[in-house]
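Visitor: Have a look at this one before I ask anything.
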Amino acid sequence: MAHRWTNDLTRTDVTPRGLFMNRRQIIQAGGALGLAGLGGQAAAQDAPEPNSFEEITSYNNYYEFGTGKTDPAKNADALDTSDWTVTVDGLVDNPGTYPLAELIDGLTVEERIYRLRCVEAWSMVVPWQGIELKDILDRAGVQSNARYVAFETAVQPENMPGVRRGVLDFPYVEGLRLDEAMHPLTIMATGLYDQPMPNQNGAPIRLVVPWKYGFKSIKSIVRISLLEDEPPTTWNRLAPNEYGFYANVNPTVDHPRWSQATERRIGGGLFSSRQDTLMYNGYDEVASLYEGMDLAAQF
């Protein structure tokens, strides 16, 4: 069952790729005069508009391909996505290793225009295409004692320079509480801007959890496991004082090395100011998931 969630951003908010890039060139070349020439468009900048395809695919984190923001775009062409399979195991009725096409066959692909907030205090707006994770988990048959969902990224040392250098303890692993995974906002994305998912953004299938910091949205998934106990996650295991298991966007809980109260919007232009970060990245409908929790301690 799809379409459980209604987007507050629509295609009218989407800036066509060519126009978006042209707008940036006008701003950079003309400064204030260029802004004045845009007229009503300048006044509409408060409306969230997706970043350009070029920005989304050339500025991101994917440590398997390097630690620099442009390394994934430079190196991810080598990722082998042919004959992709996803293993579904643990507390499920239908465990197995499934070809990706079979895993998602017949499930509804929806467009979700989501805000993306990185833990490093920068942000984007991305027009994803994907499937609600709940539909995949329902197909797997979640057993009654399952409480968490764990995910694992592909490891291809021959194709991933970051893996060869050991920049992290690979494979990259992440996890969600089951109610988070089953929430209508949580999707498994297979594309963006109506194109198949680019390698550097997590082809052929990745998790997107828009109210959490971006590192929770694990890329290039090869395993989904249903568990009773909270699973280890890569960044929480590496630096538990900096990266909690929940990693909800929270402007009142700073990273030990920087404030999370504001963020820098990628592509905002030379004169753009930082913007306030919203609790849960603006997705207040998930607040009920955390009632009674100390969000400063369970961060």
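Visitor: Tally Lys/Arg at +1 and Asp/Glu at -1 over every other residue whose Cβ is under 11 Å from the Cβ of Asn94; what's the total?
Guide: For residues surrounding Asn94, the net value is -2.
Visitor: When the Kirkwood radius is taken over all Cα pairs of region 102-195, what Stokes-Einstein diffusion coefficient follows at 10 °C and 1.306 mPa s, in µm²/s?
Guide: Stokes-Einstein gives a translational diffusion coefficient of 102 µm²/s.
Visitor: Over every pair of different alpha-carbon atoms in the chain, take the mean of 1/r and invert it; report that Kirkwood radius in Å.
Guide: 20.0
Visitor: Could you name the aspartates and glutamates whose alpha carbon sits less than 15 Å from that of Lys74, not counting residues in the same chain fewer than 8 places away?
Guide: Glu54, Glu55, Glu64
Visitor: Tell me the carbon and sulfur percent of the accessible area for the chain, rounded to whole percent, probe radius 1.4 Å.
Guide: Taking all protein chains in place, the chain shows 52 percent carbon and sulfur surface.
Visitor: Ok, one more. Between Thr252 and Met293, with labels modelled 7 Å along Cα→Cβ, what's the label distance in nm to one decimal, could you check?
Guide: According to this spin-label approximation, the distance is 1.5 nm.
Visitor: Return the lysines within reach of Lys219: Cα separation strictly under 16 angstrom, same-chain partners fewer than 8 residues apart disregarded; answer none if there are no such residues.
Guide: Lys69
Visitor: Please state, as a whole number in µm²/s, the translational diffusion coefficient that the Stokes-Einstein equation yields for region 47-153 at 20 °C and 1.002 mPa s, with Rh defined as the Kirkwood radius across alpha carbon pairs.
Guide: For these conditions, the coefficient is 130 µm²/s.
Visitor: Taking only C-alpha pairs under 8 Å that are 6+ residues apart, what is the relative contact order of region 202-250 in percent?
Guide: With pairs under 8 Å counted, the relative contact order is 36 percent.
Visitor: Which value, in Å² rounded to 10, gives the accessible area of Glu120 with a 1.4 Å probe and all protein chains present?
Guide: Here the accessible area works out near 70 Å².
Visitor: Which of rounded, prolate or oblate describes region 146-299 when judged by the alpha-carbon gyration tensor and an a/c cut-off of 1.5?
Guide: rounded
Visitor: If you count only protein heavy atoms with a 1.4 Å probe, what accessible area per residue comes out for the chain, rounded to a whole Å²?
Guide: Accessible surface, normalised per residue, equals 44 Å².
Visitor: In addition: Which values of log₁₀ I(q)/I(0), to two decimal places, follow from the Debye formula for region 98-140 at q = 0.16, 0.20, 0.23, 0.29 Å⁻¹ with a uniform point scatterer at every Cα?
Guide: Rounded to two decimals, the profile gives -0.57, -0.72, -0.80, -0.97.
Visitor: Most fluctuating residue of Ala78, Ala189, Ala181 in a GNM of the chain with Cα springs under 10 Å: which is it?
Guide: It is Ala78.
Visitor: Report the charge-dipole magnitude of the chain in Debye, nearest 20, computed about the Cα centre from +1 at each Lys and Arg Cβ and -1 at each Asp and Glu Cβ.
Guide: Value, rounded to 20: 980 debye.
Visitor: Another question about this same structure. What does the extension gain come out to for Gln275 and Thr70, with contour length at 0.36 nm per residue minus their alpha carbon separation?
Guide: Answer, rounded to one decimal: 71.4 nm.
Visitor: Note the angle between two axes, namely the Cα long axis of helix 17-38 and the longest principal axis of the Cα atoms of the chain, as a number of degrees from 0 to 90, rounded to the nearest 10.
Guide: Rounded to the nearest ten degrees, it is 30.
Visitor: Here's another thing I want to ask about it. Using a Gaussian network model on the chain with a 10 Å cutoff between Cα atoms, which of Trp258, Trp128, Trp211 fluctuates the most?
Guide: Trp258
Visitor: Additional query: So if we plug the beta-carbon distance of Glu242 and Arg264 into 1/(1 + (r/R0)^6) with R0 = 25 Å, what FRET efficiency do we get, rounded to 0.05?
Guide: Once rounded, the FRET efficiency stands at 0.85.
Visitor: Something else now. Arg4 to Asp284: FRET efficiency via 1/(1 + (r/R0)^6), r the Cβ-Cβ distance, R0 22 Å, to the nearest 0.05?
Guide: 0.85
The values are calculated or read from the model by the stated rules, or taken from the named source; none is laboratory data. As the structure is a prediction and not an experimental result, all values here were calculated from the model. Counting neighbours? That spans all protein chains shown, and the Cβs are built from the backbone with ideal geometry, glycine included. Accessible surface areas use protein heavy atoms only, side chains included; no ligands, DNA or RNA. Shrake-Rupley method; radii C 1.70, N 1.55, O 1.52, S 1.80 Å.
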